[in-house]
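Structure, as structure tokens:
Taken together, the values in this text are just the output of simple stated rules run on the coordinates, not laboratory data. The shown structure was predicted, so the numbers you read here are calculated from the model rather than taken from an experiment. Cβ placement follows ideal geometry from the backbone for every residue including glycine, while neighbour counts extend to all protein chains displayed.
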Amino acid sequence: MKPLDAFCGSRVLITGGLGFLGSNLAIELVQGGAEVTLLDSLIPQFGGNFANIEPIADRATINISDMRGCPSLEILVRDKDFIFNLAGQVSHGDSMRDPQLDLGVNCVSTMNLVEACRKHNPSVRMLYTSTRQVYGKPKALPVTEDHVPEPIDVNGINKLAAEYYHLLYHRTYGVRSTVLRLTNTFGPRQKISSPRQGFAGVFIYQALRGEPISLYGGGRQLRDFNYVDDVIDAMLRAIVSPRCLGRFFNLGFHPPRSLVEFVETLQEFCRFEVRSVPFPEDSKIIDIGDYYGDFSRFQAATGWEPKIDLHEGLARSIAFFRRHKDAYGLGSANQHVLRGSYSSRSA
Ligand SMILES: NC(=O)c1ccc[n+]([C@@H]2O[C@H](COP(=O)([O-])OP(=O)(O)OC[C@H]3O[C@@H](n4cnc5c(N)ncnc54)[C@H](O)[C@@H]3O)[C@@H](O)[C@H]2O)c1
């Protein structure tokens, strides 16, 4: 059976459903025959965008609400078979500049959701997308799930707390949960015009516009980039697998690539200059250096392995954004979206 077959005819709630990952997941699920509800607050600086769900706009239910204070959560969770909790804020830099916002969207929202499930749908199956940032600076590579979490920014702390809410409610109340710790993910429907959504998207945006790309500290840092389709496949497998219940897992990709390699691969598709610049102080203090994860535990539990390498993933991303310029800030009206904003780029 393919992972998607398990969802045909099922009722699914996706929080953060208009964002990058939520919308790609929603499209897959609707096409697989699921009845999908998307909950999103459309907080302006985050990745929510109606254009993201254009292929399924008339086949999904959309609820615009903020999970930090959303009485309708109780109703929204009630009849669902699966809940993918993807609402959140992804910028490490922003979490330092506005820790209260990060606390609200990552922790309060998740607490409200798991409470609503405990009271109104305790047998639902849930998946939470956390981040490799919970580990902090790796003590050894590749990072396994046994690595002690020592987050070095507010976002890492709040994502870890949100993981624990899910796992606690699983253990204590039987609200069945799985946590995936995602690494740098890129692909269609990412908010590439905003430095808040990670450097991968920003680099794609700058490459498409023919603008110079600045690499901090020489760009030698290693990352294990995942293409979005592989991450969606991981989520679908995780939420139906009995072996994933009450557990957390790394995703990742082998071999890891440096930021220089990421940019050089982009140069196969677009013409632009590359500059090396010193690390801005506010990014340096929350930089984790090299990171790549060991995903063998998840592979053993589900059979998942990432299939789309950097070259293929960037080729698909570039083709997508060239087809959908206006929806992703690449039209001529948005020429200066990124000017002067390097320091708010997340890792
Ligand atoms: N994209 C990555 O590389 C990556 C890496 C690690 C973890 N993650 C996690 O995956 C999840 C999805 O990330 P994404 O890249 O799709 O981000 P995104 O910004 O594109 O999507 C997140 C969505 O959540 C919504 N949202 C935020 N707070 C909300 C609230 N209080 N109520 C309702 N909706 C709210 C936003 O409006 C947005 O549409 C996040 O939790 C993020 O921390 C992503």
Quick one: in the stretch 219-235, of everything that is within 13 Å of the ligand (Cβ to nearest atom), of a type in the set (A, V, I, L, M, F, W, C) and over 15 Å from Pro188 (Cβ atoms), which residue is surrounded by the fewest Cβ atoms within 10 Å (Cβ to Cβ)? Ala234
Tell me which of these Gly210 doesn't satisfy, since it passes every other one: (1) within 14 Å of the ligand (Cβ to nearest atom); (2) surrounded by fewer than 23 Cβ atoms within 10 Å (Cβ to Cβ). (1)
Going by the structure shown, is Pro122 free of Cβ contacts under 8 Å to residues at least 24 places away in the same chain and either out of contact with any strand residue (DSSP E or B) (no Cβ under 6 Å at 6 or more places or on another chain) or assigned to a strand (DSSP E or B) (or both)? no
Name every residue in the stretch 145-189 that is among the basic types (Lys, Arg) and either within 12 Å of the ligand (Cβ to nearest atom) or not in a helix (DSSP H, G or I) (or both), in order of residue number. Lys159, Arg176, Arg181, Arg189
When you scan the stretch 247-254, do you find a residue that is more than 11 Å from the ligand (Cβ to nearest atom), among the charged types (D, E, K, R), over 27 Å from Pro55 (Cβ atoms) and surrounded by 22 or more Cβ atoms within 10 Å (Cβ to Cβ), even just one? no
